[in-house]
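Participant: Dropping the structure in here first, questions after.
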Amino acid sequence: MRKRIRFRTLINDIPLNYKFILIYVIGVLLPIVVINIVFLDEMTGIIKEREEQNLEISLERARKDIHDFIDGGVAISHALNTDKMLYETLDRTYESPIEFYEIFDDQLRHRVTGYIPVNNHIQRISIFTDNDTIVSGGSYQLLDDKVKNSDWYQLRQQSTLPVLVAAYRATVANSATVTGPYLSVIESMDYFDTYNTYDKLLRIDIDLSKIYDVIVREQDYLNLYLVNERNEIIMSADSGYQRGVTDAYPVFELSEKVKNKDVRVISIGTASYVKGWKLIGVTQGNRLSSAMLDMQLYVGFIAAVITLFSLIFIYIMLRSYNYRVKRLSRHMQKVTNEKFDLIRIEEGNDEIGGLIQNFNIMTARINSLINNVYKLEIQKKDLEMERVRAELNFLQSQMNPHFLFNTLNAILVVCTKNNYADVTDIIKSLSKLLRRLLGWKEDIVPLEEEILFIEMYLKIEKFRFRDKFEYELDIAPEALHYKIPKMSIQPLVENACKHGIQAVEGEGVVKIAASVSDDRLCVSVKDNGKGIEPEKHREMLISMRSESTSGNSIGIRNVYRRLELYYNDLVRFNIDSKPNQGTTVSFEIPIRLLDHQDYPQGE
């Protein structure tokens with residue numbers, strides 16, 4: 001239960017902006033990211049499976065096309081090998097070339113070449129015979145020693161198969177110096193036993209460019225290698241079918257680069273003439289990477305669009321709430337400062353709108369109540385002013401008898417010590433001082449009058465202490481005409497003389513200073529007396545700020561209390577003292593609270 005309450009408190013402490021951000025991140029952005037990750041994972045599997053199927057299809061498609069090319073050649077070979085008329089014509093002895101040409105034009109010219117137009121994968125069909133009465137040329141060639149020494153003939157002789165599919169290099173037709181690759185279907189023409197007077201051999205050359213086109217066509221999926229029974233690479237996209245190359249066919253080996261890729265092998269067919277022939281496919285890694293990249297870009301684009309749309313939506317909703325809540329908060333703050341302004345916006349019909357409407361109703365009612373009780377408040381303030389004035393008069397009545405008692409006591413002491421001989425001047429100063437004190441009708445007087453009053457008081461103290469006492473006045477002229485409460489400085493000077501100078505064995509000095517600084521009237525009374533002990537200093541500060549009128553610091557407390565009542569706690573009052581280093585009592589009053597008036601200087 002405690003944990004739940006703590007969690008709720010934590011949630012309630014989160015600002016509204018952050019709550020909406022958390023809602024967006026956890027409720028919108030996080031699901032989008034999770035869904036995209038799951039979707040990417042699923043799509044990766046699907047793409048891999050699809051690519052696997054595409055690779056199988058590509059490999060099978062290429063195998064079928066190449067097999068069809070070879071099988072087509074074998075079919076033509078079988079058709080020619082069973083042509084009885086062809087056997088009869090080739091096994092016949094001709095008396096002269098003219099006789100052969102006549103038979104050639106009549107029966108042989110198109111008997112072989114007629115298969116090529118409908119089988120465009122066949123490059124050439126050649127029939128070789130040792131019948132020396134046949135004129136060698138075109139599709140009919142003499143089986144001489146040169147032919148018997150050729151690679152393809154040697155391959156045929158070494159093979160025991162009735163039909164041989166052989167890959168080899170030989171001189172290109174129409175050129176005795178240029179060699180090129182060949183893929184041929186080779187078969188002995190021995191189908192009819194009655195026509196075996198001469199040896200006859202059939203060779204059908206398959207157009208390698210067709211096979212190369214098939215291999216290049218599948219290059220987007222696989223790097224294909226056509227390999228014979230000896231594992232020799234007959235055709236690939238890299239090697240092609242180059243002419244002028246006499247090197248042997250390279251053997252297919254898995255290099256380090258190829259080993260890291262997926263290698264697929266499929267047989268060309270099941271017939272004996274293609275036994276051992278294979279089609280090897282090496283996967284193109286960049287295709288899968290490209291497909292993955294395309295999918296990631298697509299999914300990323302969709303996610304970005306959804307995220308942007310949701311972000312704009314959340315922003316609009318947040319702005320709707322946040323703007324009105326801030327306006328409500330600011331106006332509630334104004335209420336704490338006694339400003340009852342109405343919120344003049346479209347409130348809306350949601351919960352925030354209801355709060356704003358209720359706030360406006362409450363503010364209007366409070367403002368009405370304030371207007372209704374305004375006169376009562378004025379009366380209360382008048383009563384408060386009367387109370388303050390009565391308290392000030394009471395404090396003033398405390399000050400004057402205290403001062404007169406001290407002065408008369410000083411005169412009594414002096415007269416006793418001097419046998420009434422030197423009291424004339426002091427009595428005159430006291431007379432002036434009493435007349436000035438009794439003549440003050442206002443509570444607020446210019447600083448100049450207060451200083452004149454203090455100067456008369458200091459003359460009396462000087463007469464009292466003689467050479468043991470000196471005083472200094474440092475009063476700035478611009479400060480003389482500011483009005484302050486009367487008797488605000490004299491009690492401080494009296495304390496300096498009574499508690500500071502009187503206890504000093506040497507010469508005592510009291511310095512009164514007044515100036516205007518930083519828009520404040522600064523007044524200080526400083527003595528070089530014995531100072532105040534820290535414990536007594538703390539008691540004095542506590543007594544000065546207490547409501548009780550008892551204690552040893554009545555003069556300082558009265559000054560502080562009067563200044564506090566007059567200037568609403570805006571006075572800075574400070575007592576700075578250290579044992580055996582003197583005491584400084586100062587106060588500062590903002591000039592804007594003081595009246596300024598010129599008075600003629602009195603006596």
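The values are calculated or read from the model by the stated rules, or taken from the named source; none is laboratory data. The shown structure was predicted, so the numbers you read here are calculated from the model rather than taken from an experiment. Cβ: placed from backbone, ideal geometry, glycine included. Neighbour counts: every protein chain shown. Areas reflect the complete protein model, heavy atoms only, side chains present, ligands, DNA and RNA absent. Shrake-Rupley method; radii C 1.70, N 1.55, O 1.52, S 1.80 Å.
Participant: In this structure, does Ile266 turn out to be open to solvent by less than 30 Å² (accessible area, probe 1.4 Å), modelled with pLDDT of 75 or more and not in a helix (DSSP H, G or I)?
Facilitator: When the stated conditions are applied, Ile266 does not pass them.
Participant: Follow-up question, since we're still on this one. Please name all residue pairs, on different chains or six or more residues apart, with Cβ atoms under 7 Å, provided the first residue is in the stretch 289-318 and is under 21 Å from Phe20 (Cβ atoms) and open to solvent by 70 Å² or more (accessible area, probe 1.4 Å) and the second residue is assigned to a helix (DSSP H, G or I) and of a type outside the set (Phe, Trp, Tyr).
Facilitator: Correct list of pairs: Ile306/Ile32.
Participant: If Tyr115 passes every condition in (1) open to solvent by 60 Å² or more (accessible area, probe 1.4 Å); (2) of a type in the set (Phe, Trp, Tyr); (3) at pLDDT 90 or above but one, which one does it miss?
Facilitator: Here Tyr115 meets the rest and fails (3).
Participant: I would also like to ask the following. Just the residues that are surrounded by fewer than 22 Cβ atoms within 10 Å (Cβ to Cβ), touching a residue at least 12 places away in the same chain (Cβ under 8 Å) and touching a strand residue (DSSP E or B) at 6+ places or on another chain (Cβ under 8 Å), please, taken from the stretch 183-212.
Facilitator: Within the stretch 183-212, Ser188, Tyr198, Asp199, Leu201, Asp205, Asp207, Leu208, Tyr212 qualify.
Participant: Return the residue satisfying two criteria in turn: it lies in the stretch 501-511 and is open to solvent by less than 50 Å² (accessible area, probe 1.4 Å), touching a Lys or Arg at 6+ places or on another chain (Cβ under 8 Å) and assigned to a strand (DSSP E or B), and of such residues it is nearest to Ser577 (Cα to Cα).
Facilitator: In this case the residue turns out to be Val510.
Participant: Taking the condition of being at pLDDT below 85, in a loop (DSSP other than H, G, I, E, B) and buried (at least 17 other Cβ atoms within 10 Å of the Cβ), how many residues in the stretch 531-546 meet it?
Facilitator: Count: 0.
Participant: Given the condition at pLDDT below 85 and of a type in the set (D, E, K, R), answer yes or no: does some residue in the stretch 547-560 qualify?
Facilitator: Within the stretch 547-560 (the criterion being at pLDDT below 85 and of a type in the set (D, E, K, R)), the answer is yes, since at least one residue qualifies.
Participant: Looking at the structure I just gave you, is Gln53 assigned to a helix (DSSP H, G or I), farther than 30 Å from Asn223 by Cβ and without any contact (Cβ under 8 Å) to a residue 60 or more places away in the chain?
Facilitator: When the stated conditions are applied, Gln53 does not pass them.
Participant: Name the pairs whose Cβ atoms lie under 6 Å apart, with the first residue in the stretch 93-111 and farther than 21 Å from Tyr195 by Cβ, the second hydrophobic (A, V, I, L, M, F, W, C) and at pLDDT 85 or above, and 6 or more positions between them or separate chains?
Facilitator: Close Cβ pairs satisfying both conditions: Pro97/Val135.
Participant: Please find, within the stretch 561-570, the residue that is nearest to Arg592 (Cα to Cα) out of those that are open to solvent by 30 Å² or more (accessible area, probe 1.4 Å) and within 58 Å of the chain's Cα centre (by Cα).
Facilitator: Here the residue is Leu570.
Participant: Collect the residues in the stretch 453-500 that are part of a strand (DSSP E or B) and over 20 Å from Arg562 (Cβ atoms), keeping them in residue-number order.
Facilitator: Across the stretch 453-500, the qualifying residues are Phe469, Glu470, Tyr471, Glu472, Leu473, Asp474, Ile475.
Participant: Under the condition of being out of contact with any Leu (no Cβ under 7 Å at 6 or more places or on another chain) and touching a residue at least 60 places away in the same chain (Cβ under 8 Å), which residue from the stretch 118-131 is most open to solvent (accessible area, probe 1.4 Å)?
Facilitator: Asn120
Participant: Then there's this: Considering only the stretch 149-165, I want to know if a residue exists there that is open to solvent by 80 Å² or more (accessible area, probe 1.4 Å), at pLDDT below 90 and touching an Asp or Glu at 6+ places or on another chain (Cβ under 9 Å).
Facilitator: No; the residues of the stretch 149-165 include none that is open to solvent by 80 Å² or more (accessible area, probe 1.4 Å), at pLDDT below 90 and touching an Asp or Glu at 6+ places or on another chain (Cβ under 9 Å).
Participant: Oh, and also: Looking for something over 30 Å from Asp294 (Cβ atoms), in contact with a Ser or Thr (Cβ under 6 Å, 6 or more places away or on another chain) and in contact (Cβ under 8 Å) with a residue 12 or more places away in the chain - is there at least one such residue anywhere in the stretch 28-48?
Facilitator: no
Participant: Just to check your reading of the model, which residue among Val325, Val305 is out of contact with any His (no Cβ under 6 Å at 6 or more places or on another chain), modelled with pLDDT under 75 and among the β-branched types (Val, Ile, Thr)?
Facilitator: Val325
Participant: Hey, could you check the stretch 193-207 for residues that are of a type outside the set (Asp, Glu) and at pLDDT 90 or above and say which is farthest from Asn120 (Cα to Cα)?
Facilitator: The selected residue is Tyr198.
Participant: Follow-up question, since we're still on this one. Select from the stretch 218-227 the residues that are modelled with pLDDT of 90 or more and of a type outside the set (A, V, I, L, M, F, W, C) and list them in ascending order.
Facilitator: Tyr225
Participant: Name the residues in the stretch 458-499 that are modelled with pLDDT under 90, open to solvent by 60 Å² or more (accessible area, probe 1.4 Å) and of a type in the set (D, E, K, R), would you?
Facilitator: Result: Lys459, Arg464, Arg466, Asp467, Lys468, Glu470, Lys498.
Participant: Further, regarding this structure: Residues of the stretch 76-91 being buried (at least 18 other Cβ atoms within 10 Å of the Cβ), of a type outside the set (A, V, I, L, M, F, W, C) and either under 14 Å from Ile204 (Cβ atoms) or touching an Asp or Glu at 6+ places or on another chain (Cβ under 8 Å) (or both), which ones?
Facilitator: Hits for the stretch 76-91 are Ser77, Asn81.
Participant: Please enumerate the residues belonging to the stretch 23-75 that are open to solvent by 70 Å² or more (accessible area, probe 1.4 Å) and hydrophobic (A, V, I, L, M, F, W, C).
Facilitator: Ile23, Ile26, Leu30, Val34, Ile35, Ile37, Val38, Phe39, Ile46, Ile57
Participant: Can you tell me which residue is farthest from the chain's Cα centre (by Cα) among those in the stretch 163-182 that are touching a residue at least 24 places away in the same chain (Cβ under 8 Å) and under 26 Å from Gly281 (Cβ atoms)?
Facilitator: Leu164
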